[in-house]
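If you scroll down you'll find the structure; I have some questions about it.
Values in this text are rule-based calculations from the coordinates and carry no lab data. Just so it is clear, the structure is predicted and the values come from calculations on it, not from any experiment. Ideal geometry is used to build each Cβ from the backbone, glycine not excepted, and the neighbour counts take in all protein chains shown.
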Amino acid sequence: MITFHGYFRSSSAHRCRIAFNLKGLEYDFVPVHLRDGVQKSEAYRAKNPQALVPTLEVGGLTLTQSLAILEWLDETYPEPPLLPADRNLRARIRAFAQVIACDIHPLQNLRVLQYLGATFGADQAAKDAWCQRWIGDGLAACEDLMARDPAHGTYAFGEAPGLADICLVPQVFSARRFGVDLTALPRVRAVFEACMDLAAFADAAPAKQPDAED
């Protein structure tokens, strides 16, 4: 049985929930309340030295970092695939996913926002402006990548959801939470809506998780 440590509002954990749902996998969920600092406990750091979510445990294996978890899931449970057979398309999809996971998401991370407040005196309005800038720039790049790619379709890269969509949807949730204007991003909005019509994505939404809060 898979044990999954996460937090309802974490974009990284959200990605993994979507993948579990797409692949029809059951798992035991262990909530890690980030705002209460549970991730900083000695017990949790023993599993994840970064004190971040998510963490996946199965058998004697412990995995951290959502993209590593997603690729492990895809290799271990290959149907339906999250990445295509074509190596060039796989590379383009990975690049798209990393725009979000490596360049956008870290700048909106809770620990970064807390540091901005504690060290530079940023209030919530300043933190929101920070997130709007970097999320907006990143999603604009995602929009352009989809516009240029011949594989773009109903979903980010084709007619079936995969790794790119798994990364994009949680990022749109975050964009909305921080008040990012998505008006000029029609492809981002269309892919998000197409994904949210699928139970695998809808059921993974933050508000539907057992540890969800207002």
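Sort 170-181, 13-24 by the packing proxy (mean of other Cβ within 10 Å over each peptide's residues), most packed first.
13-24, 170-181
Order of Met196, Met1 from fewest to most other C-beta atoms within 10 Å?
So the residues, fewest neighbours to most, are Met1, Met196.
Using the Karplus equation 6.51 cos²θ - 1.76 cosθ + 1.60 (θ = phi - 60°), what ³J(HN,Hα) coupling, rounded to whole Hz, does each residue of the stretch 47-58 give in order, writing x for Gly and Pro?
Computed from phi, the couplings for the stretch 47-58 are 8, 9, x, 6, 6, 10, 10, x, 9, 10, 10, 8 Hz.
What is the set of long-range amide H partners of Gly153 at a cut-off below 5 Å, with H atoms built 1.01 Å from backbone N?
The list, which skips near neighbours in sequence, is Gly158.
Now, a different point. Need one number: the % of Cα-Cα pairs in the stretch 64-129 sitting beyond the 19 Å mark.
50 percent
Using the Kirkwood radius built from alpha carbon pairs, what does the Stokes-Einstein equation give as D for the chain at 20 °C and 1.002 mPa s, in µm² per second?
121 µm²/s
Follow-up. Would you list the membrane-span-like helices of the chain, meaning whole DSSP H runs whose alpha-carbon atoms span at least 27 Å along their axis and whose mean Kyte-Doolittle value is at least -0.5?
Once both thresholds are applied, what remains is 124-148.
Given the C-alpha centroids of the stretch 88-146 and the stretch 168-183, what is the distance between them in whole angstrom?
10 Å
So who's got an amide H within less than 5 Å of the one on Phe29, skipping anything under 5 residues away but keeping other chains? H placed 1.01 Å off N, in plane.
Under 5 Å from the amide H of Phe29 lie the amide H atoms of Phe4, each far enough along the sequence or on another chain.
How high is the relative contact order of the stretch 2-80, given as a whole-number percent (alpha carbon pairs under 8 Å, six or more residues apart)?
Reported as a whole number, the value is 37 percent.
Still on this structure, please answer the following. What number, in percent, do you get for the relative contact order of the stretch 87-201 if the mean sequence gap of Cα pairs under 8 Å and at least 6 apart is divided by its residue count?
It comes to 30 percent, rounded to a whole number.
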